[in-house]
1. Among the residues of the range 142-179, how many are assigned to a helix (DSSP H, G or I) and either acidic (D, E) or within 16 Å of ligand 2 (Cβ to nearest atom) (or both)?
2. Identify all residues within the range 247-292 that are within 16 Å of ligand 2 (Cβ to nearest atom), at pLDDT 95 or above, surrounded by 15 or more Cβ atoms within 10 Å (Cβ to Cβ) and of a type in the set (S, T, N, Q); write none if there are none.
3. Somewhere in the range 72-84, is a residue at pLDDT below 90 and open to solvent by 60 Å² or more (accessible area, probe 1.4 Å)?
4. Take I206 and decide whether it is of a type in the set (V, I, T), more than 16 Å from ligand 2 (Cβ to nearest atom) and either open to solvent by less than 20 Å² (accessible area, probe 1.4 Å) or on the phi < 0 side of the Ramachandran plot (or both).
5. Which count do you get for residues in the range 219-246 that are in a strand (DSSP E or B) and open to solvent by less than 20 Å² (accessible area, probe 1.4 Å)?
6. Kindly establish whether V136 is more than 16 Å from ligand 2 (Cβ to nearest atom) and either open to solvent by less than 20 Å² (accessible area, probe 1.4 Å) or touching a Leu at 6+ places or on another chain (Cβ under 8 Å) (or both).
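The values are calculated or read from the model by the stated rules, or taken from the named source; none is laboratory data. Computed from a predicted model, the values in this text were never measured in an experiment. For neighbour counting, all protein chains shown are included, and Cβ atoms are generated from backbone atoms with ideal geometry for every residue, glycine included. Heads up: the accessible areas ignore ligands, DNA and RNA and are worked out on the full protein's heavy atoms, side chains in. Shrake-Rupley method; radii C 1.70, N 1.55, O 1.52, S 1.80 Å.
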Amino acid sequence: MNNEPSVPTDAPAQKKVYIRTFGCQMNEYDSDKMSDVMKAAEGYTPTDDPEEADLILFNTCSVREKAQEKVFSDLGRVKHLKKKGVLIGVGGCVASQEGAAIIERAPYVDVVFGPQTLHRLPQMLEARQRAGRPQVDISFPEIEKFDHLPPARVEGSSAFVSIMEGCSKYCSYCVVPYTRGEEFSRPFEEVLTEVAGLADQGVKEITLLGQNVNAYRGKMGETSEIADFAMLIEYVAEIPGVERIRYTTSHPNEFTQRLIDVYARVPQLVNHLHLPVQHGADRILSAMKRGYTTLEYKSTIRKLRAVRPDISLSTDFIVGFPGETAEDHARTMKLIEDVSFDASFSFIYSARPGTPAAALPDDTPQEVKLARLQELQAAIEENVRRISASRVGTVQRILVEGPSRKSSKDTPELMGRTECNRIVNFPGGPNAARLVGQMIDVTITSALPHSLRGEVVVA
Ligand code: SAM
Ligand code: SF4
């Protein structure tokens, strides 16, 4: 017998939203918020299929040229759906940078909104329908955004919490300060309340998010006191149920001794740090306006390793910055050897309109830049292989996220992540379902190029 409640045939069909996300974890977070906002305001449910959507949103990235151009080719691909009455919106950093120019290039777009105005999406769509013309709002009312978002949704035992927005560092190559605005931190108590709410719902792992999370300066209550990032971590760790704390992305200049001390005191802070260095030559770091030397970067790492000897480190590199010589590149390769990075996001420099570096002469041929990038990536891969191999035979604590990609009904297999963010696949056994969301110990049995295999440690 079918016990499903019957759906009245005249019930209004639920509207669906398709969101395509480009770029960083901040954008992933913002896309979730767009989905939440549209659900709260209009009952939209998410779909993976643009063909069945009533609303299509592109959450764009303009950090590199390729990502920016992709938006327009993808927009062209959904244009035909306008005939069915679909609404199309463009948000994120390209929207912020291009504004009304998007409508000029793609007149079928209905709304253009920035990272700081995504909470106004329902009103903008309503205004679009009412006024009969596209709406553009790419202003920076940062304080308003956090106040108008619905509470965080929880799926599984991990959650992301945005603690600050924007960036005031103005590295010479980067568009972020122009597209996301200056640094703005959420008030201290507000972040703690959100984390406590998530922990109450069973979340064990919290990732604190921001363009430069460690630049956090949160207002405390009605006082004039300000909490820094180190203090925030200590308070988050006190919240019952929080077993792991991650954060991304951090800036070397904001990596204070107070933060290093927190690594010694707070066991929930994972043994993994993503600390973008960008380059290994001081000459280039200075032209990038990063504000530190390689010696200062390495000194921070040395102090951190003094309190956490096993910490794994990942980073970002930009290859082929204007004027980069073979010698400069060799310094980057030397830094990789010295620090022993465990992973990196590395890209060829992309001139961004309006940034100071875009005006610098750049005569290094593209194929030379590509060869440098490949050499750099091969060196990092070698580090990854070596570090993964050294984990074989050890016991690692993992948070089980769900079925692995190779899982089947006959041989259920699970995946989880170690503290240092390595994926571990392992046989789930008859109790597989019960392990999801749990922290368990596994013995690492083998190392593959991008994951580990393990076996559950039986107590
Ligand atoms: N705030 C972080 C920091 O200071 O490193 C990173 C945020 S940024 C949006 C992410 C990464 O994009 C940077 O670390 C950098 O490697 C890369 N990136 C930014 N602008 C770039 C450009 N013009 N060309 C190539 N890569 C770029
Ligand atoms: Fe961009 Fe530099 Fe700010 Fe990072 S610190 S977001 S690279 S300007």
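1. Total meeting the criteria: 7.
2. S250, N253, Q278
3. no
4. Yes.
5. 3
6. no
Here is a yes/no grid of residues against (1) modelled with pLDDT of 95 or more; (2) in a helix (DSSP H, G or I); (3) open to solvent by 50 Å² or more (accessible area, probe 1.4 Å):
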residue: L335; (1), (2), (3): yes, yes, no
residue: S346; (1), (2), (3): yes, no, no
residue: A357; (1), (2), (3): yes, yes, no
residue: T364; (1), (2), (3): yes, no, no
residue: E367; (1), (2), (3): yes, yes, yes
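Listed here are the residues, each with its yes/no results for (1) surrounded by 19 or more Cβ atoms within 10 Å (Cβ to Cβ); (2) in contact (Cβ under 8 Å) with a residue 12 or more places away in the chain; (3) not in a loop (DSSP other than H, G, I, E, B).
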residue: E382; (1), (2), (3): no, no, yes
residue: R385; (1), (2), (3): no, yes, yes
residue: G393; (1), (2), (3): no, yes, no
residue: R397; (1), (2), (3): no, yes, yes
residue: L414; (1), (2), (3): yes, yes, yes
residue: N425; (1), (2), (3): yes, yes, yes
residue: R434; (1), (2), (3): no, no, yes
residue: T445; (1), (2), (3): no, yes, yes
residue: H450; (1), (2), (3): no, yes, no
